[in-house]
Structure formats: structure tokens, C-alpha cells
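The values are calculated or read from the model by the stated rules, or taken from the named source; none is laboratory data. On a predicted model such as this, the values are computed, not experimentally measured, just so you know. When we count neighbours, we look across all protein chains shown, and the Cβ atoms used for this are built from the backbone with ideal geometry, even at glycine. Surface accessibility is based on the protein's heavy atoms, side chains included, excluding ligands, DNA and RNA. Shrake-Rupley method; radii C 1.70, N 1.55, O 1.52, S 1.80 Å.
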Amino acid sequence: MRICLFDSGWDLLQPLTWTRPVFELLCGMTTLGEKQRRWWDSEDWGVCLRPELAAIYRRDHPQTPINEYGWLLTPMTVIVDGRWLPPPRRSIPWPTEPCLGLANGQIVWLVLGKEQLADVSVADPSAVLASWRHRLPAVEVGGCLIEFPWQLVEHNGTALREDYAYAASSASRLNFQTLPAIVGCTDQVQIAPTARIDPYVVIDVTQGPVVIAEHAVVTAFSRLEGPCYIGPYTHVLGAKIRGSTTLGQHCRVGGEIEASIMHGYSNKYHDGFLGHSYVGEWVNLGAGTHNSDLRNDYGPVSVPMSGGLVATGLTKVGCFLGDHVRTGLGTLLNTGAHVGPFAHLLPNGRLAPKFVPAFSAWWNGELREVFSLEQLLAS
């Protein structure tokens, strides 16, 4: 069945969605979009997204239909809200008539025939989903709709376990006698044959699986606690990787990381703590950068979003860093911090602001707009 992923509700998933559609957000070992395509078992898929993202998405996915209304007009097409975190396996039969799928009462996909598709607007996905709420039969399909960035972190541990269970039957494993220490059952460890694991590495799978992807490197005195995923070509350098952590491709990480998601090409080489956070691509965290993920009064955390504060209802919430953020030596990030893409943070001995706009700098205790786009791209 043909499926179309909609870039819906992206404004409440900032700063992560300034530079990517919602279905490209990571949770577990894969993106939301990969999970949605897996759930539908579909290789015939396209996307509807913001026009400003179309060119770069087309570069990375040259064969994918993007904002093509004519492509939608088939006898039966599934329109999927790109924020849907589906359950690991489909529990309903293939729909044969137009209907909608619900997760906890929220619409997460629509199956539409050609007649219904004639009324679809690719420019307003949220209106498309809402317009059919009371016009089609509904079925509960499970999973959840991700509305805020901290929900990706909250669900990451469960998603890692589910992704591992889905892929375990085809997993390739090394001779575990070559590994220095595995705590727990060895069938919860998956290591690509091209990965390098130094001596004196401890892998603890008592709380969940550990997956180390192709060409990853884990150096001596690192400790990996499941569930966690170490992406392709990523280097773990004497680090403590706590459970519910996802590291994307080509990252370099040291220090301590707990219950966090880091997109590809980001650098946390030195010591410092990162917890209950989501970090975009090409981020550089200077030595001694720490974030707070717990208020000192143990109260629930609020996060700056869309000009106001949104209550998370959670006591453990870290920071959310957009792509290309850079922090200087010893930067301190506040609980629930929201830092926009290309922002620069320089330390001054106290906590940085909870909200730092894109293309700005926190410098000597002041927020400044000091960089042009040309300067940022050149650096």
C-alpha cells in the first residue's frame, strides 16, 4: 500500500524540526519515518513537507516523491502523521476501505480512496487529518503521537528494546569470547563485524540490549548500559553510556551520557554530563559542558516553546539543542533548555538561559546576534 508521510505539528518540536521534517526525528535505533514504513511494510512511499525543506530532502532522497499531489491519487493511499511512534508490529489486518487509525484517541493515519484524496491539501496536513475525524470509521492501532521533544527522550528506552526485538532474528554477532566483559545474557548484544571493541570495555545488558553498528569504535574503559545504540562510525572514548541512549552516525563521545538522543556528526569528545536530552546534527559540546536534567527542588520541569513555557509533567528533562549548536569550555545548560540552530554558548560561570534563539550567541552574560549566515556556514 502506498503511504505518504506528513510533516505535521513541527512547530512544537522545535528546535529539532527547524532543519528536518518530523518523521526524520530519531527514537530508538531508527527515525519515526522508518518505523512508520516498517509498520506498514511499504516500499512505495512519499512525503509532504514544508517547501523550505523540500530541496535538501530531495538531495538526500532523490527517488522519493515530495509534495506531489498527483502521486497521491491512487485507488488507496495511507496518509501518516509523521509524529506517530508506532507499536513494533501491526496488530490489525490490511484496511480495504477508507478508515482512520487512532493512538490514544488521536488520529495518526488515514486510509483514503481516490475520491477522498481529491479533497486533500498537501499544504495543510493538520487540516487534512482533522477534517476526516467524524467522517470515517476508526480503529485503535496503538503507539503514540509525539507532540514535544521530551517525549522522544521519554520513549527512547522502550523504542530501543522494540527495535532490537524486531531486528534480532537477522542480527549478526561476534564471538563473544573475544569481549572482555558482558554483564547479563549475551543474546542481548549485537555487534557489527566491522566494529572495534577494545579490551576493558564493559557491556551491561541487564536492563536492555546493546547494539554497536558497523565501523563503530568503543575504546578501553568505556561502559555501555542497555538499552543503547551506538551508530555507524561513532567513537565512544572511555565514556559511560547509560541506558536509553541513542548515538547517531559519525559521533565522537566521551564523559557521561544518560537517556539521551544524539543525531549524527555531533561531538562530545571530552568529559561532561549530558542527560535526558536531544542533540541535533553537527553540534559541538566543548570540554566540561554539563546540562542539568533535574531541578534542585525535584519539581516538574517546564520548557520554553513557541514564546511561552510548556509544562512537561516530568522531573527528569535535560536540554534540546538544534543543529550546529556550539558550546565553549565549561558551559552550563539549564534544566529544560531550548537552544536554536547555529547558536553559540560561551561560559561565564553561571547557567546559560533556558531559551537561546537560533543564530545568536550567549556571550559575557548577554544574548547577541553577532553572526551572519555566511559567517556561520564558513565556520
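For residues in the range 58-71 being closer than 17 Å to Ser8 by Cα and not in a loop (DSSP other than H, G, I, E, B), which is nearest to the chain's Cα centre (by Cα)?
Here the residue is Ile66.
Against the definition (open to solvent by less than 80 Å² (accessible area, probe 1.4 Å) and within 24 Å of the chain's Cα centre (by Cα)), how does Gly318 come out, yes or no?
Numbers: open to solvent by less than 80 Å² (accessible area, probe 1.4 Å): yes; within 24 Å of the chain's Cα centre (by Cα): yes.
Yes: the conditions hold for Gly318.
Determine the pairs where a residue that is charged (D, E, K, R), located within the range 235-253, has a partner that is in a loop (DSSP other than H, G, I, E, B) and crowded, with 24+ Cβ neighbours inside 10 Å with Cβ atoms under 8 Å apart, the partner being 6 or more residues away or on another chain.
Arg252/Thr234
Of (1) out of contact with any strand residue (DSSP E or B) (no Cβ under 6 Å at 6 or more places or on another chain); (2) of a type outside the set (A, V, I, L, M, F, W, C); (3) open to solvent by less than 60 Å² (accessible area, probe 1.4 Å); (4) more than 25 Å from Ile257 (Cβ to Cβ), Ser360 satisfies all except one. Which?
Exception for Ser360: condition (1).
How do the helices (runs of 4 or more DSSP H) wholly within the range 78-197 filter down when requiring 1 or more residues that are open to solvent by less than 60 Å² (accessible area, probe 1.4 Å), within 29 Å of Ser302 (Cβ to Cβ) and modelled with pLDDT of 90 or more: which remain? Break it down into steps so the answer makes sense when it comes.
Numbers: elements: 114-117, 125-131, 149-167.
Ranges flagged: 149-167.
Report every pair of residues separated by at least 6 positions or lying on different chains whose Cβ atoms are under 9 Å apart, first residue within the range 70-84 and in contact (Cβ under 8 Å) with a residue 24 or more places away in the chain, second of a type in the set (Ser, Thr, Tyr) and in a strand (DSSP E or B).
Trp71/Thr77
Looking at the structure I just gave you, is Pro75 more than 15 Å from Phe6 (Cβ to Cβ), at pLDDT 85 or above and not hydrophobic (A, V, I, L, M, F, W, C)?
On the way: more than 15 Å from Phe6 (Cβ to Cβ): yes; at pLDDT 85 or above: no; not hydrophobic (A, V, I, L, M, F, W, C): yes.
No; evaluated as a whole, the condition is false for this residue.
Taking the residues in the range 284-313 that are in contact (Cβ under 8 Å) with a residue 24 or more places away in the chain and among the small types (Gly, Ala, Ser) as candidates, determine which candidate is most open to solvent (accessible area, probe 1.4 Å).
Within the range 284-313, the first condition is being in contact (Cβ under 8 Å) with a residue 24 or more places away in the chain, and the residues that meet it are 284-295, 301-306, 310, 312.
Within this subset, residues satisfying the condition of being among the small types (Gly, Ala, Ser) are 286-288, 292, 302, 306.
Details: Gly286: 14, Ala287: 29, Gly288: 24, Ser292: 35, Ser302: 38, Ser306: 83 Å².
So, considering only residues that are in contact (Cβ under 8 Å) with a residue 24 or more places away in the chain and among the small types (Gly, Ala, Ser), the one most open to solvent (accessible area, probe 1.4 Å) is Ser306.
Condition (residue is under 21 Å from the mean Cα position of the chain (by Cα), crowded, with 23+ Cβ neighbours inside 10 Å and over 28 Å from Asp163 (Cβ atoms)) applied to the range 256-264: is it met by at least one residue?
no
Scan the range 212-232 for residues that are within 15 Å of Arg196 (Cβ to Cβ) and within 18 Å of the chain's Cα centre (by Cα) and jot them down. Even if it seems obvious, please write down each step before you answer.
Initial filter on the range 212-232 (within 15 Å of Arg196 (Cβ to Cβ)): 212-222, 224, 230-232.
Ile212, Ala213, Ile230, Gly231, Pro232, listed by residue number.
Let me spell it out: the conditions are (1) on the phi < 0 side of the Ramachandran plot; (2) surrounded by fewer than 24 Cβ atoms within 10 Å (Cβ to Cβ), and Gly280 meets all of them except one. Which number is the exception?
If we test Gly280 against (1) on the phi < 0 side of the Ramachandran plot; (2) surrounded by fewer than 24 Cβ atoms within 10 Å (Cβ to Cβ), just (2) comes out false.
If you check Trp40 against the conditions, is it among the hydrophobic types (A, V, I, L, M, F, W, C), surrounded by 15 or more Cβ atoms within 10 Å (Cβ to Cβ), in contact (Cβ under 8 Å) with a residue 12 or more places away in the chain and farther than 25 Å from Leu321 by Cβ? Spell out how you get there, then give the answer.
Working: among the hydrophobic types (A, V, I, L, M, F, W, C): yes; surrounded by 15 or more Cβ atoms within 10 Å (Cβ to Cβ): yes; in contact (Cβ under 8 Å) with a residue 12 or more places away in the chain: yes; farther than 25 Å from Leu321 by Cβ: yes.
Taking the combined requirement at face value, the residue satisfies it.
Give the residues of the range 265-291 that are more than 16 Å from Ala343 (Cα to Cα), in contact with a strand residue (DSSP E or B) (Cβ under 7 Å, 6 or more places away or on another chain) and part of a loop (DSSP other than H, G, I, E, B), sorted by residue number.
Hits for the range 265-291 are Tyr269, Gly272, His276, Ser277.
Restricting attention to the range 19-37, and to residues there that are touching a Pro at 6+ places or on another chain (Cβ under 9 Å) and in a helix (DSSP H, G or I), which single residue is surrounded by the fewest Cβ atoms within 10 Å (Cβ to Cβ)? Break it down stepwise before answering.
Of all residues in the range 19-37, those touching a Pro at 6+ places or on another chain (Cβ under 9 Å) come to 19, 25, 28, 32-33, 35-36.
Checking which are in a helix (DSSP H, G or I) leaves us with 32-33, 35-36.
Values: Leu32: 26, Gly33: 20, Lys35: 24, Gln36: 26.
Result: Gly33.
Looking at the range 322-343, can you tell me whether even one residue there is open to solvent by 10 Å² or more (accessible area, probe 1.4 Å), under 20 Å from the mean Cα position of the chain (by Cα) and small (Gly, Ala, Ser)?
Within the range 322-343, not a single residue is open to solvent by 10 Å² or more (accessible area, probe 1.4 Å), under 20 Å from the mean Cα position of the chain (by Cα) and small (Gly, Ala, Ser).
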